[in-house]
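Please treat every number below as a calculation from the coordinates, not as lab data. Being a predicted model, the structure only gives us computed values, none of them experimental. Cβ placement follows ideal geometry from the backbone for every residue including glycine, while neighbour counts extend to all protein chains displayed.
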Amino acid sequence: MDTHANEIFKLNAFGLLPEHVVRLILARDGLQADEYVKYSGVYTWCEHYCRSYELANISDVMQNFLDLIQFHKIPMSLLLSEIYPTRIVPDEIFLSALAYQVSGGLWMSVAELSILSST
């Protein structure tokens, strides 16, 4: 499964999985998946979930998965053209991903800096 993750995230059946299974898949250490494909798969899962339970706010559902997606590994062009316009990803996460890329990978979030300063 780890080596075929990109294909799994694109399957229609992925949208039928229970939330805890989606989280387990996303959290796998050996998962070899493109981060944008992960985001797209989760977004599609959330759309299906919202339709199934007649929920209007996909953003609330998507929040449960954001910690499992490494947004700084998604190309800036996709961050700006596909992810930002949805306004689902909080500005802090979005701006941290952009800053990381602009700085050549030397960026640390405020939370990471506070952890380092407390040790």
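For labels at Gln63 and Tyr84 in the simple 7 Å Cα→Cβ model, what's the distance in nm?
2.3 nm
Got the relative contact order for segment 2-69 handy, in percent, Cα pairs under 8 Å and 6 or more residues apart?
Details: 59 pairs, mean separation 26.0, N = 68.
About 38 percent, as a whole number.
Which of Leu17, Ser59, Ala5 sits farthest toward the positive end of the charge dipole of segment 2-69, with +1 on the Cβ of Lys and Arg and -1 on the Cβ of Asp and Glu?
Toward the positive end, the furthest listed residue is Leu17.
Ser103 versus Glu19, label points 7 Å from Cα toward the beta carbon: distance in nm?
3.3 nm
Please state, rounded to one decimal and in Å, the Kirkwood hydrodynamic radius that segment 2-69 gives when every pair of distinct Cα atoms enters the mean of 1/r. Intermediate values should be presented prior to the final figure.
Values: mean 1/r = 0.0837 Å⁻¹.
For segment 2-69, inverting the mean 1/r across all distinct Cα pairs yields 11.9 Å.
Å³ per residue of the Cα convex hull, for the chain? Mind dumping the intermediate values first?
On the way: hull volume 14.8 nm³, N = 119.
For the chain, the hull spanned by Cα atoms encloses 124 Å³ per residue.
Only Cα pairs under 8 Å and at least 6 apart count here; give the relative contact order of the chain as a rounded whole percent.
On the way: 99 pairs, mean separation 24.7, N = 119.
Once divided by the residue count of the chain, the mean separation gives 21 percent.
So how much slack lies between Leu95 and Asn12, counting 0.36 nm per residue of separation and subtracting their Cα-Cα distance, in nm?
Values: separation 83, 0.36 × 83 = 29.88 nm, distance 3.09 nm.
Value of the extension gain: 26.8 nm.
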